[in-house]
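> Right, I'll just put the structure down here and ask away after.
The values are calculated or read from the model by the stated rules, or taken from the named source; none is laboratory data. Quantities reported herein were computed from a predicted structural model and do not represent experimental measurements. So basically every Cβ, Gly included, is an ideal-geometry build from the backbone, and we count neighbours across all protein chains shown.
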Amino acid sequence: MIEQLPAGLGVDPAPADGGCEVDLHGSFSPISGCVSCTSLLLFLPVIKVESVKSRSAPVSPVRYLSENGKLSKFWLHELTRPAFEDWLDNEPAPVVVIGVGSIEQHGPHLPLGMDSHGARHFVHAVAKRTNSVAFHPCWPGYSPHHMGFRGTVTFREETLLAVLMDTIASLADHGVKRFVMSNHHGGNREIFNLTARLAKNYYNVMVATPSGPSDTDMAKEVADRQKRYWDVHSGPTETSGALHLFPELVEMWRLDGWEPALEMHPRLFEFMDPDREDFEVVSQVRSACMPPVNIDFTSTGVYGINDPRTASAEEGGTRFEERVKFFVDFIDTWKTIPIPDAFKD
């Protein structure tokens, strides 16, 4: 609707002599040769745009990020403050799931963010199935042993510890009492365990670091490969996970002509046989003999001696679902236990 014509056009909205007309609904009947009509025609596109802008936008249905404690979004950084408060006040047993991985080389075919991408997918899936809040406080982890390969970014041990402690301290200050920590990089393990112990003592909160399952057929197969082939980094197990979760980031063609690149004393290869009676001893001897920087024992960044090209998205999906279910079962069971008096403020 045209509410006001451009100044100076001199067009009478209701002429008495049958001249040009503009009605209240924006209809315009120009007269040939009329100077005012010609001028007004130049402004009609502008008037039309302003008219469209002035129309009321359709009202979208109200969408709650959290309603009566039930979340529709699960990442902490995606929630509004009122949504987080609604969840915290109305969820009977609020749990925050924290996941951390690393930014480090993962052979020639997997992304540098392999562990952190995996952590993000994992904690979000767990949070979604347990009405928990998921948080990924940082992309790097503790990876000094990977610094021989370009692209790796590592925190110092005190940096990662501080990030995790400050994360828990902040949320504990808001009233969160239950934290589940999910580690997706072996180099973070000791720091994760220390964080759980210190946070419990300093902030009077419960911090869990679940690990499992270990009794499924898939878990047993993966455990056997880790012992027999040292399939712990960039091998079939990790590659399968990547093919399931983010195949667009995997470059399998870079494995053409792949051969094992693990270098160590010949006797240490003999120690990789889990069928040995003394395997528990010799496997720890082998670990004690490995150099601190991995470029000194693998030129490709792949640790194991089994072929990553045998990986499959199907295996990755099975393992992912089993691990998510384990964490979900842990959280669901944990929620049935009231907060012990020792943890109450």
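> Name the residues in segment 298-328 that are in a helix (DSSP H, G or I) and polar (S, T, N, Q), would you? Give the derivation first.
Residues of segment 298-328 that are in a helix (DSSP H, G or I), as a first pass: 308-310, 313-328.
Hits for segment 298-328 are Thr310, Thr318.
> A further question on this structure: I'd like the full set of residues that are aliphatic (A, V, I, L, M) and not in a loop (DSSP other than H, G, I, E, B), limited to segment 198-233.
The first filter runs over segment 198-233 and keeps only residues aliphatic (A, V, I, L, M), leaving 198-199, 205-208, 218-219, 222-223, 232.
If the condition is that a residue be aliphatic (A, V, I, L, M) and not in a loop (DSSP other than H, G, I, E, B), then Leu198, Ala199, Met206, Val207, Ala208, Met218, Ala219, Val222, Ala223 are the ones that fit.
> I'd like to know if segment 156-165 contains one or more residues that are touching a residue at least 24 places away in the same chain (Cβ under 8 Å) and among the polar types (S, T, N, Q).
Let us first name the residues in segment 156-165 that are touching a residue at least 24 places away in the same chain (Cβ under 8 Å), namely 157, 160-161, 163-165.
Still in the running and among the polar types (S, T, N, Q): none.
Scanning segment 156-165 turns up no residue that is touching a residue at least 24 places away in the same chain (Cβ under 8 Å) and among the polar types (S, T, N, Q).
> Could you check, for segment 68-76, whether at least one of its residues is within 23 Å of Val324 (Cα to Cα) and assigned to a helix (DSSP H, G or I)?
Taking segment 68-76 first, the residues within 23 Å of Val324 (Cα to Cα) are 69-76.
Now restrict to residues that are assigned to a helix (DSSP H, G or I): 76.
For segment 68-76, residues within 23 Å of Val324 (Cα to Cα) and assigned to a helix (DSSP H, G or I): present.
Rundown of residues vs (1) loosely packed, with under 13 Cβ neighbours inside 10 Å; (2) under 25 Å from His146 (Cα atoms), yes/no style:
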{"position": "Asn183", "(1), (2)": "no, yes"}
{"position": "Tyr202", "(1), (2)": "yes, no"}
{"position": "Val250", "(1), (2)": "no, yes"}
{"position": "Trp253", "(1), (2)": "yes, yes"}
{"position": "Gly257", "(1), (2)": "yes, yes"}
{"position": "Pro260", "(1), (2)": "no, yes"}
{"position": "Arg276", "(1), (2)": "no, no"}
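> Which of (1) crowded, with 16+ Cβ neighbours inside 10 Å; (2) assigned by TED's automatic domain parsing to the domain that holds Val293 is the odd one out, the single condition Arg178 does not satisfy?
Of everything listed in (1) crowded, with 16+ Cβ neighbours inside 10 Å; (2) assigned by TED's automatic domain parsing to the domain that holds Val293, Arg178 misses just condition (2).
> Now for a different question. Looking at Thr237, Thr318, Thr298, which one is within 22 Å of His106 (Cβ to Cβ) and out of contact with any helix residue (DSSP H, G or I) (no Cβ under 9 Å at 6 or more places or on another chain)? Lay out the reasoning, then the answer.
Working: Thr237 fails: out of contact with any helix residue (DSSP H, G or I) (no Cβ under 9 Å at 6 or more places or on another chain); Thr318 fails: out of contact with any helix residue (DSSP H, G or I) (no Cβ under 9 Å at 6 or more places or on another chain).
None of the other options fit; the residue is Thr298.
> Just to be sure before I move on: is Trp230 without any contact (Cβ under 8 Å) to a residue 60 or more places away in the chain and either of a type in the set (A, V, I, L, M, F, W, C) or surrounded by 15 or more Cβ atoms within 10 Å (Cβ to Cβ) (or both) in the structure I sent?
Numbers: without any contact (Cβ under 8 Å) to a residue 60 or more places away in the chain: no; either of a type in the set (A, V, I, L, M, F, W, C) or surrounded by 15 or more Cβ atoms within 10 Å (Cβ to Cβ) (or both): yes.
Criteria not met by Trp230.
> Now, a different point. Within segment 122-143, count every residue that is within 14 Å of Leu164 (Cβ to Cβ) and in a loop (DSSP other than H, G, I, E, B).
We begin by selecting, within segment 122-143, every residue within 14 Å of Leu164 (Cβ to Cβ); these are 123, 135-142.
Cutting the leftovers down to in a loop (DSSP other than H, G, I, E, B) gives us 136-140, 142.
Going through segment 122-143 one residue at a time, the tally reaches 6.
> Being in contact (Cβ under 8 Å) with a residue 24 or more places away in the chain, assigned by TED's automatic domain parsing to the domain that holds Lys200 and in a helix (DSSP H, G or I) narrows it down to one of Ile295, Ile331, Ile339, so name that one.
Details: Ile295 fails: assigned by TED's automatic domain parsing to the domain that holds Lys200; Ile339 fails: in a helix (DSSP H, G or I).
Ile331 is the lone residue from the list that is in contact (Cβ under 8 Å) with a residue 24 or more places away in the chain, assigned by TED's automatic domain parsing to the domain that holds Lys200 and in a helix (DSSP H, G or I).
> Identify the residue in segment 310-327 that is of a type outside the set (Val, Ile, Thr) and touching a His at 6+ places or on another chain (Cβ under 9 Å) and, among all such residues, is surrounded by the fewest Cβ atoms within 10 Å (Cβ to Cβ). Full working, then the answer.
Here is the first cut: in segment 310-327, the ones of a type outside the set (Val, Ile, Thr) are 311-317, 319-323, 325-327.
With touching a His at 6+ places or on another chain (Cβ under 9 Å) added as a condition, the list becomes 312-317, 319-320.
On the way: Ser312: 13, Ala313: 16, Glu314: 11, Glu315: 20, Gly316: 22, Gly317: 15, Arg319: 20, Phe320: 18.
So, considering only residues that are of a type outside the set (Val, Ile, Thr) and touching a His at 6+ places or on another chain (Cβ under 9 Å), the one surrounded by the fewest Cβ atoms within 10 Å (Cβ to Cβ) is Glu314.
> Looking at Ser182 and the list (1) of a type outside the set (A, V, I, L, M); (2) in contact with a helix residue (DSSP H, G or I) (Cβ under 8 Å, 6 or more places away or on another chain); (3) assigned to a helix (DSSP H, G or I); (4) touching a residue at least 40 places away in the same chain (Cβ under 8 Å), which single condition is not satisfied?
The failed condition is (3).
> Right, next: With the condition kept exactly as written, say whether any residue in segment 100-110 is at pLDDT 95 or above, farther than 19 Å from Lys177 by Cβ and surrounded by fewer than 19 Cβ atoms within 10 Å (Cβ to Cβ). First the steps, then the outcome.
Taking segment 100-110 first, the residues at pLDDT 95 or above are 100-110.
Subsequent filtering for residues that are farther than 19 Å from Lys177 by Cβ retains 100-110.
Keeping just the survivors that are surrounded by fewer than 19 Cβ atoms within 10 Å (Cβ to Cβ) gives 108.
Yes, segment 100-110 contains a residue that is at pLDDT 95 or above, farther than 19 Å from Lys177 by Cβ and surrounded by fewer than 19 Cβ atoms within 10 Å (Cβ to Cβ).
> A further question on this structure: Which is more than 22 Å from the chain's Cα centre (by Cα) and closer than 23 Å to Ala93 by Cβ, of His136, His145, His174?
His174
> Assigned to a helix (DSSP H, G or I), under 21 Å from Ile339 (Cα atoms), touching a residue at least 24 places away in the same chain (Cβ under 8 Å) and not acidic (Asp, Glu), is that true of Ile168? Write out each step before concluding.
Values: assigned to a helix (DSSP H, G or I): yes; under 21 Å from Ile339 (Cα atoms): yes; touching a residue at least 24 places away in the same chain (Cβ under 8 Å): yes; not acidic (Asp, Glu): yes.
Yes, satisfied.
> What is the number of the single condition among (1) touching a strand residue (DSSP E or B) at 6+ places or on another chain (Cβ under 8 Å); (2) outside the structural domain of Glu85 (by TED's automatic domain parsing); (3) not basic (Lys, Arg) that Asn188 does not meet?
With respect to (1) touching a strand residue (DSSP E or B) at 6+ places or on another chain (Cβ under 8 Å); (2) outside the structural domain of Glu85 (by TED's automatic domain parsing); (3) not basic (Lys, Arg), Asn188 is out only on (2).
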